[in-house]
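The values are calculated or read from the model by the stated rules, or taken from the named source; none is laboratory data. All figures in this text were calculated on a predicted structure; none of them were measured in a lab. With ideal geometry, Cβ positions are generated from the backbone for all residues, glycine too; neighbour counts draw on all protein chains shown.
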């Protein structure tokens with residue numbers, strides 16, 4: 001619950017900024033913000049180089065010196081991050097031109113510093129999770145996002161200058177991330193550059209496939225937002241630019257991220273949990289049960305969001321953003337399968353066969369590229385949404401089939417598929433019903449959700465009692 005609070009609440013509060021941003025910025029401007037942060041998300045994976053997972057793995061080994069592992073992994077992160085940051089800062093002007101924001105080299109430099117600060121505190125945050133210091137973890141995340149929201153509100157409502165425009169969003173992120181320097185001052189000052197000729201190469205060997213997997217995974221997540229800018233036919237949306245379409249897609253994509261928030265919150269708690277319970281003889285059954293409950297929770301979220309888009313759309317400031325809402329159910333379903341993939345991918349992390357994770361995720365990248373290339377010219381951002389679903393669904397199936405050979409876990413696949421299919425069928429049926437009164441519609445949707453939860457309880461109550469006992 002605490003890790004969920006530390007992940008979902010800050011990101012949900014950040015999600016609320018969508019209303020502010022779409023009130024102030026037209027779709028073309030919001031499209032630029034979407035594009036820039038898509039690149040940042042990908043580069044952040046390279047900066048941290050899979051060291052968070054490597055820290056968990058090596059610090060949790062019997063007899064491991066946690067402090068030494070912290071120093072070793074933090075050293076690697078800083079060497080990579082500082083080297084790349086210097087290069088990016090020196091090449092800021094040509095990078096700005098390549099991103100189609102010429103004359104904004106300072107904007108590129110600010111983004112580099114944001115990424116540098118993110119990487120600098122990645123291992124300290126992982127250390128809090130490893131030490132089960134959930135309250136401090138939550139505090140850091142919450143304070144950061146409170147600062148971010150306060151600055152956005154101040155810049156965009158009180159001190160707004162149209163000539164600064166989207167730069168305000170970048171500046172707010174930079175200042176909010178600088179807070180981490182104070183929050184982790186003790187950890188950062190206690191760190192000592194460390195290299196071990198035996199352990200360091202082993203850590204790097206373990207981490208680089210994790211990094212490649214993360215890089216491929218982030219490419220899967222962000223690629224559609226980049227290729228929409230590249231491959232959308234001219235005048236596809238009644239003479240509007242690709243930046244306009246990207247702005248609408250990026251704003252509505254935030255609703256799809258609600259599922260991703262739940263997935264990421266689960267991962268914060270689940271990754272240490274899987275490692276710490278791996279030696280237990282009953283762990284396969286335990287992991288299967290965890291995945292079953294995870295699917296149920298995600299189905300509830302899928303239903304709750306998709307049948308209430310008629311009211312959730314008001315989180316988007318300008319009505320022109322509403323035309324992108326049909327992508328939301330598809331994205332939510334895609335992220336549900338991404339969450340299942342993270343669950344079942346535990347087998348290659350526990351067996352040190354992270355290479356398979358890389359292969360599966362690279363396969364996902366190939367599917368993402370091919371699907372976007374084929375579907376964007378036919379269906380625009382709706383095609384990008386289907387490409388996201390196809391990617392994560394394929395990765396889940398491949399991971400499950402390969403994992404059965406190396407680390408068999410008795411997942412209840414049939415029951416999970418039934419839950420997902422029935423949930424989507426209910427969503428389709430409910431959305432076919434047109435109700436003019438918003439109050440009546442919301443009441444009806446609430447009744448559907450309550451009935452759905454009641455049915456789940458009746459179906460699962462025996463298992464609930466068994467688990468609690």
request  = Inspect region 139-150 for any residue being at negative phi, touching a helix residue (DSSP H, G or I) at 6+ places or on another chain (Cβ under 8 Å), in a loop (DSSP other than H, G, I, E, B) and buried (at least 17 other Cβ atoms within 10 Å of the Cβ) and give the result as yes or no.
outcome  = no
ask   = Among the helices (runs of 4 or more DSSP H) contained in region 39-98, which hold 2 or more residues that are under 23 Å from the mean Cα position of the chain (by Cα)?
value = 51-59, 66-90
task = Might you let me know whether region 281-288 holds any residue that is assigned to a helix (DSSP H, G or I), assigned by TED's automatic domain parsing to the domain that holds residue 304, at pLDDT 80 or above and surrounded by 21 or more Cβ atoms within 10 Å (Cβ to Cβ)?
result = yes
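Condition check ((1) outside the structural domain of residue 115 (by TED's automatic domain parsing); (2) within 19 Å of residue 12 (Cα to Cα)) across all residues:
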| residue | (1), (2) |
| --- | --- |
| 140 | no, yes |
| 151 | no, yes |
| 163 | no, no |
| 167 | no, no |
| 172 | no, yes |
| 180 | no, no |
| 201 | yes, no |
request  = Scan region 433-454 for residues that are surrounded by 10 or more Cβ atoms within 10 Å (Cβ to Cβ) and assigned to a loop (DSSP other than H, G, I, E, B) and jot them down.
outcome  = 433, 435
key: Single match in 256, 250 (criterion: over 24 Å from residue 443 (Cα atoms), crowded, with 17+ Cβ neighbours inside 10 Å and in contact with a helix residue (DSSP H, G or I) (Cβ under 6 Å, 6 or more places away or on another chain))   = 250
Residues located in region 316-337, provided they are in contact (Cβ under 8 Å) with a residue 24 or more places away in the chain and over 22 Å from residue 264 (Cβ atoms) = 316, 317, 318, 320, 321, 323, 324, 325, 326
inquiry  = Could you check region 168-198 and list, in sequence order, the residues that are crowded, with 17+ Cβ neighbours inside 10 Å and over 30 Å from residue 108 (Cα atoms)?
reply    = 194
key: Residue identified as crowded, with 16+ Cβ neighbours inside 10 Å and over 24 Å from the mean Cα position of the chain (by Cα) among 392, 407, 457   = 407
ask   = In the list 337, 348, which residue meets the criterion of being buried (at least 22 other Cβ atoms within 10 Å of the Cβ), within 28 Å of residue 421 (Cβ to Cβ) and at pLDDT below 85?
value = 348
key: region 289-315, residues that are closer than 22 Å to residue 264 by Cα and free of Cβ contacts under 8 Å to residues at least 24 places away in the same chain   = 293
message = Looking at (1) closer than 17 Å to residue 218 by Cβ; (2) in contact (Cβ under 8 Å) with a residue 40 or more places away in the chain, which one does residue 18 not meet, given that it meets all the others?
response = (1)
request  = Output the residues belonging to region 364-383 that are touching a residue at least 60 places away in the same chain (Cβ under 8 Å) and either within 12 Å of residue 326 (Cβ to Cβ) or not assigned by TED's automatic domain parsing to the domain that holds residue 324 (or both).
outcome  = 380, 381
